[in-house]
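Here's the structure we're looking at; comments come further down.
The values are calculated or read from the model by the stated rules, or taken from the named source; none is laboratory data. A quick note: this is a predicted structure, and the numbers were derived from the prediction, not measured. Neighbour counts are summed over all protein chains in view; Cβ atoms, including those assigned to glycine, are modelled from backbone coordinates with ideal geometry. For the accessible areas, the whole protein counts, side chains as well, though only heavy atoms, and no ligand, DNA or RNA atoms are used. Shrake-Rupley method; radii C 1.70, N 1.55, O 1.52, S 1.80 Å.
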Amino acid sequence: MGYRASAGWFARAPGERVYALILGRHSGVYSRRFRSLKNVPLLVEDARDVSDLRPYLLKYLPEGVYYDRNLYSSVEAAQRAGLDYAHAWRSRFFLGQELAFDLDPENVDCPIHGDVVAKMRRHQGLSFCDWEFEEVRRQAVSLYDELSADWSHLAPVYSGRGFHIHVLDADAYRLTKTERTRIASRIAERYAIDEWVTSGEMRLIRLPYSLHGMVSRVVVPLPRGDLQDFSYDDPRAVPPRREA
């Protein structure tokens, strides 16, 4: 986990955040003493900095580390008030939500393996081939260029499997759920995005510089110029090996 680099990711966004851990929902790898928690997001509300996550990661060894794209004026006050973070939009503690687009290779219609419905029937819903990865990478490049006509501060990220595009413009944080849903529906007509992420229904997203435990790849922010040729074997995405 790159704590310092990850902390820098939030430098442009004021407000406080909530983090979340997924212990073993997809990988099935987790400590047996946490069996009851393996499928649900474990919220971390008292981390004021990414480095505060360290004891939680050492304790739970999660397969994925996420952050809540909602911004809060005070997480502590929201916690005391019993705020339901999933329905925080009308709360006095809510400052806005980061706009993001999530492109995953399994959502691509593949000429070899079919669409995601066919993959699910074969119990391969999270599997993808090189063709699907290259196609979703091409879509990420195209979507980035399209979004750049409307937004100034875009941050593409290799998610460990596919790609995320984060919109960090101040006015994007202030979009309503209705506006986000319209954007998601329009973009989904041409790109393999997860509409729930863009619409705001799914507020959690992978934390940059964390490890995607299912595929053992680091979640890496990328310059636009690196997107079109990026490989999942890129040295930036391969976790360093520890010497025995």
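Restricted to the stretch 184-199, and to residues that are in contact (Cβ under 8 Å) with a residue 60 or more places away in the chain and assigned to a helix (DSSP H, G or I), which residue is nearest to the chain's Cα centre (by Cα)? Filtering the stretch 184-199 for residues that are in contact (Cβ under 8 Å) with a residue 60 or more places away in the chain and assigned to a helix (DSSP H, G or I), the one nearest to the chain's Cα centre (by Cα) comes out as 197.
Only residues that are among the charged types (D, E, K, R) and in a strand (DSSP E or B) were counted in the stretch 1-22, giving 1. Scanning the stretch 131-150 for residues that are touching a Leu at 6+ places or on another chain (Cβ under 8 Å), under 13 Å from residue 190 (Cβ atoms) and either without any contact (Cβ under 8 Å) to a residue 24 or more places away in the chain or small (Gly, Ala, Ser) (or both) yields a total of 1. Scanning the stretch 210-244 for residues that are of a type in the set (A, V, I, L, M) and within 17 Å of residue 138 (Cβ to Cβ) gives 222, 227.
Could you please let me know if residue 172 is more than 27 Å from residue 239 (Cα to Cα), open to solvent by less than 10 Å² (accessible area, probe 1.4 Å) and out of contact with any helix residue (DSSP H, G or I) (no Cβ under 9 Å at 6 or more places or on another chain)? Spell out the reasoning first.
Details: more than 27 Å from residue 239 (Cα to Cα): yes; open to solvent by less than 10 Å² (accessible area, probe 1.4 Å): yes; out of contact with any helix residue (DSSP H, G or I) (no Cβ under 9 Å at 6 or more places or on another chain): yes.
In short, yes.
Considering only residues in the stretch 23-43 that are over 20 Å from residue 218 (Cα atoms) and either in a helix (DSSP H, G or I) or of a type in the set (Gly, Ala, Ser) (or both), the one that is most open to solvent (accessible area, probe 1.4 Å) turns out to be 33. Is there a residue being open to solvent by 50 Å² or more (accessible area, probe 1.4 Å) and either assigned to a helix (DSSP H, G or I) or closer than 26 Å to residue 111 by Cβ (or both) anywhere in the stretch 145-160? Scanning the stretch 145-160 turns up at least one residue that is open to solvent by 50 Å² or more (accessible area, probe 1.4 Å) and either assigned to a helix (DSSP H, G or I) or closer than 26 Å to residue 111 by Cβ (or both).
Contact map, the stretch 11-32: residues that are more than 22 Å from residue 51 (Cβ to Cβ) paired with residues that are assigned to a strand (DSSP E or B), Cβ distance under 7 Å, separation 6+ or inter-chain. No pairs are found.
Residue 132 satisfies every condition listed in (1) crowded, with 21+ Cβ neighbours inside 10 Å; (2) within 17 Å of the chain's Cα centre (by Cα) except (2).
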